[in-house]
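The values are calculated or read from the model by the stated rules, or taken from the named source; none is laboratory data. Quick caveat, the model's predicted, so the values are computed rather than measured. Neighbour counts run over all protein chains shown; Cβ positions are idealised from the backbone, glycine included. Remember, those area values only see protein heavy atoms, side chains included, never the ligands or the DNA or RNA. Shrake-Rupley method; radii C 1.70, N 1.55, O 1.52, S 1.80 Å.
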Amino acid sequence: MRVITGLWRWRASPLRRTTDLVEAWAALAALLLILSAVPLLGAVVGSAAQGALQQSVRHQRQTRHQVTATVVRKPHQVAPAADPQAPGRAARVQVIADWTAPDGSRRRGLVTTLLKTPRPGDRFVVWTDRRGRLVTRPLDATAATTHAVLAGLAASLLAAGLIEGIRRLILWRLVRLRYARWDRAWERAGPDWGRTGAGS
């Protein structure tokens, strides 16, 4: 509203300078872009991210499998490991475990588990690929949607910041132009300023 008011005020003012109009039009253009183009860009980026992430979710669900692992023993050096997809949750415990891969092959290796006091023979669930190699659990569809929304918001904020930065750069250039014009006007008026003020 201030931008529109400023444009109307300077429309026919005798004090209007070209830089005043440029500044007002730049502010209006920035406002219109922020209100129209920025939300559209955020929606496009969010939609694209949603499509890519949901495709990744479907792919992971098809290629990652839950299998049951059996504790064989504790490793010689036990070190707690955090769950990469569950920040803030209790630390996991490392054990040597056996499991059967989806292709039927037998596997053994160092695995992390939420079992507080794992004993030989205890069972727990792990995620593997088709060949039985340990992988992280598939990305959750809800988490993927959250990431897509955040990507759209980030794109909108970056675009709005870029537009505002360009507007401020234009304003900075206009201010420098005004100062340069004032300096030139003072240089022209300077030699006669004292005599004019004295009534000569």
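Comparison of 7, 21, 40 shows that the only residue that is out of contact with any strand residue (DSSP E or B) (no Cβ under 8 Å at 6 or more places or on another chain), hydrophobic (A, V, I, L, M, F, W, C) and either at pLDDT 80 or above or not in a helix (DSSP H, G or I) (or both) is 40. Report yes if residue 174 is open to solvent by 80 Å² or more (accessible area, probe 1.4 Å), farther than 30 Å from residue 97 by Cα and in a helix (DSSP H, G or I), otherwise no. So residue 174 fails the test. Test residue 89 against the stated conditions and say whether it is touching a helix residue (DSSP H, G or I) at 6+ places or on another chain (Cβ under 8 Å), modelled with pLDDT under 90 and either surrounded by fewer than 12 Cβ atoms within 10 Å (Cβ to Cβ) or not hydrophobic (A, V, I, L, M, F, W, C) (or both). Answer is no for this residue.
For the criterion of being out of contact with any Pro (no Cβ under 6 Å at 6 or more places or on another chain), without any contact (Cβ under 8 Å) to a residue 40 or more places away in the chain and either in a loop (DSSP other than H, G, I, E, B) or not basic (Lys, Arg) (or both), residue 159 fails.
Would you pick out the residues in the stretch 115-130 that are in a loop (DSSP other than H, G, I, E, B), open to solvent by 40 Å² or more (accessible area, probe 1.4 Å) and under 15 Å from residue 66 (Cβ atoms)? Result: 130, single match. Residue 175 fulfils the conditions (1) at pLDDT below 90; (2) within 30 Å of residue 54 (Cα to Cα) except for a single criterion, (2).
Checking each residue in the stretch 131-171 for being surrounded by 12 or more Cβ atoms within 10 Å (Cβ to Cβ) and touching a strand residue (DSSP E or B) at 6+ places or on another chain (Cβ under 9 Å) picks out 132, 134, 135, 137, 138. I'd like to know if the stretch 79-86 contains one or more residues that are at pLDDT below 85, touching an Asp or Glu at 6+ places or on another chain (Cβ under 9 Å) and surrounded by fewer than 17 Cβ atoms within 10 Å (Cβ to Cβ). There is at least one residue in the stretch 79-86 that is at pLDDT below 85, touching an Asp or Glu at 6+ places or on another chain (Cβ under 9 Å) and surrounded by fewer than 17 Cβ atoms within 10 Å (Cβ to Cβ). Restricted to the stretch 97-114, and to residues there that are assigned to a strand (DSSP E or B) and either of a type in the set (Lys, Arg) or loosely packed, with under 14 Cβ neighbours inside 10 Å (or both), the residue that is nearest to the chain's Cα centre (by Cα) is 110.
Considering (1) among the β-branched types (Val, Ile, Thr); (2) part of a loop (DSSP other than H, G, I, E, B); (3) modelled with pLDDT of 95 or more, the lone condition that residue 45 does not fulfil carries the number (2).
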